[in-house]
1. Using only the Cα atoms of the range 55-115, what semi-axes does the equivalent ellipsoid have when each is the square root of 5 times a gyration tensor eigenvalue? Give whole Å, largest first.
2. What ranking do 42, 96 get, fewest neighbouring Cβ atoms within 10 angstrom at the top?
3. Listing 84, 95 from the residue with the fewest other Cβ atoms within 10 Å to the one with the most, what is the order?
4. Over the Cα atoms, compute the radius of gyration (one decimal) and Dmax (the largest Cα-Cα distance, rounded to a whole number) for the range 24-94, in Å.
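Read-outs throughout are calculated quantities, based only on the coordinates presented, and are distinct from any laboratory measurement. As the structure is a prediction and not an experimental result, all values here were calculated from the model. Virtual Cβ from ideal backbone geometry, glycine too; neighbours counted across all protein chains shown.
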């Protein structure tokens, strides 16, 4: 079983390294984002994160694409996608997420605050 439990680092407005997210750490967190956008540089960026020990522990992706799938593969983290609800609308930064990628399940523990 591919299960995890960790705090959330959400990037639903500006994924990954776009302006506004520069310097925001997602090490040891579940990364929640809508989809991969842009070039195939995602995989190189995520490979570097894994090698540096700064990768997220899991990814929750609204819409899977070849870019985001490859990102999860090179990072070697579990990924969940195609959920019943939009994770960007339901999950907030600071929430805790417990997941089971084998069965495509996530459980959200809401914490006060968050965005």
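1. Details: eigenvalues 80, 30, 26 Å².
Whole-Å semi-axes of the equivalent ellipsoid: 20, 12, 11.
2. Working: 42 23, 96 16.
Least to most surrounded, the residues fall as 96, 42.
3. On the way: 84 7, 95 18.
The order, fewest Cβ neighbours first, is 84, 95.
4. Considering the range 24-94 through its Cα atoms, Rg and Dmax are 11.5, 34 Å.
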